[in-house]
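Bear in mind these aren't lab numbers, they're just calculated from the coordinates by the rules spelled out. From a predicted model like this one, the values you see are computed outputs, not experimental measurements. In this analysis, Cβ positions are derived from the backbone assuming ideal geometry, glycine residues included, and neighbour counts consider all displayed protein chains.
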């Protein structure tokens, strides 16, 4: 976890995949190839819940689906291979990129003295670094809560809240925390600990689908950076 002593008043917690970036099929293919290499099975990811789910939970689902023992050794071996393949896939072929408005939005927020930027993601921390570094937007995010912290997405909000409190050196009201993501799981995760929720339809869910879960704010995408900044 990286840290800063700068005082901020609002904490913004971004999801990664479908919110900040898309990796094409680089991540999916890394999961498939890792499973094949480690367990000799070519997995069908259509049978696995991925959107809004942690990497550790994805590993559990895949192991369960193919009747492979869910042990620490199997899980770590699979995920370690996945991370190595992910980095290779991103390096060796152009795929994906930042989503509309994201680069400008993140840079604008980075300049504000009243904002602490963080990540709240189902990615492992190393996976988050690999992805965001590849697309040039890792550095603005001061801290995060990751799949390393818990297999369960709803556990990550309180982890991020505690880390932000430690960084700022003061209590943070939940209503000063914004959880930003592209799936109903992101909205649920924010509501669990009383944060404000910001949904964006740049992932697998439409605005109509996301509206069903009543986020505090809802955007088609972040291309109108000025309008997005007004909510923070």
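Observations on the structure shown:
- Working from Cα pairs under 8 Å separated by at least six residues, relative contact order for the chain is 27 percent.
- Compared with the dominant principal axis of the Cα atoms in the chain, helix 55-65 is inclined by about 30°.
- Site pair residue 42 and residue 76 shows an inter-label distance of 3.1 nm when each label is modelled 7 Å from Cα along Cα→Cβ.
- Anisotropy class of the stretch 78-156 from Cα gyration tensor, a/c 1.5 cut: oblate
- Structure-derived Kirkwood radius over Cα pairs in Å - corresponding label in [x] 20.0; [y] 17.9; [z] 19.0: [y]
- On Cα atoms only, tilt of 26-39 relative to the major axis of the chain in degrees: 40 degrees
- Every pair of different Cα atoms in the stretch 127-208 enters the Kirkwood calculation, which places the hydrodynamic radius at 13.8 Å.
- 0 to 90° range, to nearest 10: angle between helix 156-168 axis and the chain longest Cα axis: 50 degrees
- Computed lengthening from residue 230 to residue 93, 0.36 nm per intervening residue step minus Cα-Cα distance: 45.7 nm
- In plain terms, the residue of 86, 218 with the fewest other Cβ atoms within 10 Å comes first and the most crowded comes last, giving 218, 86.
- Distance from the alpha carbon centroid of the stretch 20-84 to that of the stretch 169-232 works out to 27 angstrom.
- Sequence of 98, 64 once ranked by neighbouring C-beta atoms within 10 Å, starting from the fewest: 64, 98
- Counting beta carbons within 10 Å around each of 73, 32 and listing the fewest first gives the order 73, 32.
- Ranked by the mean number of other Cβ atoms within 10 Å of their residues, highest first, the peptides 37-48, 183-194, 74-85, 156-167 fall in the order 183-194, 156-167, 74-85, 37-48.
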